[in-house]
Amino acid sequence: MTLSPPRILLVHGAWAGPWVFDRLAEELRGRGFLVATVALPTIGSTVDMYADAAAITEKLDAADGPVTLIAHSYGGIPTTQAGDHPAVERIVYVAAFALDAGETLQQAVGGGFPEFWGVADGMVSMGRSRAERIAMVAADLPSDAPADLAAQIADTFQPQSLAAFTTPVTRVAWRAKPTTYVLTERDALVPTPFQEHLVARMGADVVRVPTGHTPFEDDPVWFAGVLADALETAETNR
């Protein structure tokens, strides 16, 4: 009997798109994984979080075997909503919002509109200006990152639906599925103490990494190894 390669579905975070995973996906494929991504429809529109969950569900419906969902940041919210799908064998949250029933992203960040949200016409931008957006990205990058990298990353971000951030979770997949949480210890965007709170509440397996918010951009080769090792450990301990 020939076992099929493990399947991964990567779910991106706020203001971004599947392209943030291009280098990580290449590395994971080189390690033998079947890797797919999903484009969340709240990017560039005013639909709500349930539309993102529906996009994830559509990908899972089409899967021809068990899938590990790997969700980054905001992507953890629609993943939590959709991830109790029969095709899902494990969820990996990477510095992600693993919310509980009734919770929203807006509540998780304090209940109001954070100062760095640029809110207009039912949409939210990361930062109220390009300069603020670049500064936020730069604060999270490694100190030895190229000087122009922050601007390159910031310029890929797009406005996202405000409804994505105010829609409550109604289904909580981490209560039903085996779960791993990759906790980023130098995160300037999702503070480490908040991530630790989520981990404690979930009872998830935890992998701590000494990085900022996007370890897959800092070093995709290394981070692919982190994920592969975490999934192998989870399978061994199952």
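Suppose a student asked you for the relative contact order of the range 126-187, using Cα pairs under 8 Å spaced at least 6 residues apart; what percent would you report?
The value is 32 percent.
Only bridges whose two residues both fall in the chain count here: according to DSSP, what percent of them are antiparallel, nearest 5?
Taking every DSSP beta bridge with both residues in the chain, the antiparallel ones total about 20 percent.
Based on the Cα atoms of the chain, what semi-axes does the equivalent ellipsoid have, where each is the square root of 5 times one gyration tensor eigenvalue, given in whole Å with the largest first?
After scaling each eigenvalue by five and taking roots: 26, 21, 17 Å.
Hey, for a label at Thr156 modelled as a point 7 Å past Cα toward Cβ, could you say which residues of the range 25-65 have their backbone N under 13 Å away?
Zone members listed by number: 25-26.
Kindly express, to the nearest 10 degrees and within the range 0 to 90, the angle between helix 220-237's C-alpha long axis and the longest C-alpha principal axis of the chain.
Taking Cα atoms only, the helix is inclined about 40 degrees.
Just to verify a number: FRET efficiency for Ala228 and Ala54, C-beta to C-beta distance, R0 = 22 Å, to 0.05?
0.15
What are the ³J(HN,Hα) values, in whole Hz, obtained from phi via the Karplus relation 6.51 cos²θ - 1.76 cosθ + 1.60 with θ = phi - 60°, for each residue of the range 90-107 in sequence order, with x given for Gly and Pro?
Once rounded to whole Hz, the list reads 7, 10, 10, 9, 10, 6, 10, 7, 9, 7, 9, 4, x, 8, 10, 4, 4, 5.
Report the local net charge at Ser45: Lys and Arg +1, Asp and Glu -1, summed over other residues whose C-beta lies under 15 Å from its C-beta.
So the environment of Ser45 carries a net charge of -3.
Between Gln160, Gln152, Gln81, where does the largest GNM mean-square fluctuation fall for the chain, given springs only between Cα atoms within less than 10 Å?
Gln152
So for the range 74-144, what are the equivalent ellipsoid semi-axes in whole Å, largest first, each being the square root of 5 times an eigenvalue of the Cα gyration tensor?
Working through the eigenvalues yields semi-axes of 27, 18, 10 Å.
Where a number appears in this text, it was derived from the coordinates with a stated rule and is not lab data. Remember, predicted model here, so these are calculated numbers, not experimental data. We place every Cβ from the backbone using ideal geometry, glycine too, and count neighbours over all the protein chains shown.
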